[in-house]
Amino acid sequence: MWIQALIMAAIPAVGGLAAGWPSSVRLPLIVAGSAVVALGSALLIVAILTLGGYFAFALRPAPSSALVTTGVYARARHPIYGGWILVGLGFALALSPWALPLAALLALELGGKSRVEERALVAHYPEYAAYRQRVPRRFFPLGRADSGRRGCASWRPGPG
């Protein structure tokens, strides 16, 4: 968790101190970045509220916890991480191109963290494997999911 917090703190710090976007794209990127931050924040809030009393910072579920598969968790297995990825990307877009590598690093860190968490969830909840098959999206609850690739949105070309 401390790595995630450090990266999240570094994104606006670097973005605020480093050279910003060229003036020709600054305003559109501030607007787009702010919208992405708002979307990510909304996803975070909805996901945390859906967990209710089961929300925790630990990677391993508490012995008395229950597997939540409703609400936003019926569409994505780790929507809180998806929210953090969007918030990090949004800050980077709004502030500076120099913050984009940190946003990518945050996404990689949360991807690794989600894999560690999934191993603990499979061990704790026998029904988690079936849930993972039913809900192939890892972070983002929108878009079409490809059941052949866990957690990834998919584009398929049409005929012809």
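Here, each number is a calculation from the coordinates, and none is a lab measurement. All figures in this text were calculated on a predicted structure; none of them were measured in a lab. Quick reminder, even Gly has a Cβ in these numbers, built from the backbone with ideal geometry, and neighbours come from all protein chains shown.
For segment 77-84, what does the Karplus curve 6.51 cos²θ - 1.76 cosθ + 1.60, with θ = phi - 60°, yield as ³J(HN,Hα) per residue in whole Hz, taken in order and with x for Gly and Pro?
These are the phi-based 3J(HN,Hα) values: 7, 9, x, 5, 5, x, x, 5 Hz.
For ALA120 paired with ALA19, estimate the spin-label separation in nm (one decimal), with each label point 7 Å from Cα along the Cα-to-Cβ line.
Spacing of the two 7 Å Cα→Cβ label points: 4.2 nm.
What distance in nm separates the two pseudo spin-label positions at THR69 and LEU49, each 7 Å out from Cα along the beta-carbon direction?
About 2.4 nm, to one decimal.
For segment 55-70 and segment 123-139, what is the separation of their C-alpha centers, rounded to whole Å?
The two parts, judged by their Cα centres, are 13 Å apart.
For segment 48-150, just say rounded, prolate or oblate: build the C-alpha gyration tensor, square-root its eigenvalues into a ≥ b ≥ c, call rounded for a/c under 1.5, and beyond that prolate if a/b exceeds b/c, oblate if not. Intermediate results must be reported in sequence, preceding the final value.
Values: a/c = 1.98, a/b = 1.64, b/c = 1.21.
Prolate, because a/c is 1.5 or more and a/b exceeds b/c.
Taking only DSSP H segments of four or more residues, each worth -39500 (n - 2.57), what value at 222 nm results for the chain once the sum is divided by all its residues, to the nearest 500 deg cm²/dmol? Can you show the working numbers first?
Numbers: 5 runs with 94 residues, N = 160.
-20000 deg cm²/dmol, from helical runs alone.
Is the shape of segment 15-108 best called rounded, prolate or oblate, per the rule: a/c under 1.5 gives rounded, else a/b larger than b/c gives prolate, else oblate, with a ≥ b ≥ c the square roots of the Cα gyration tensor eigenvalues?
Working: a/c = 3.72, a/b = 2.39, b/c = 1.55.
Prolate shape, in that a/c is at least 1.5 and a/b is the bigger ratio.
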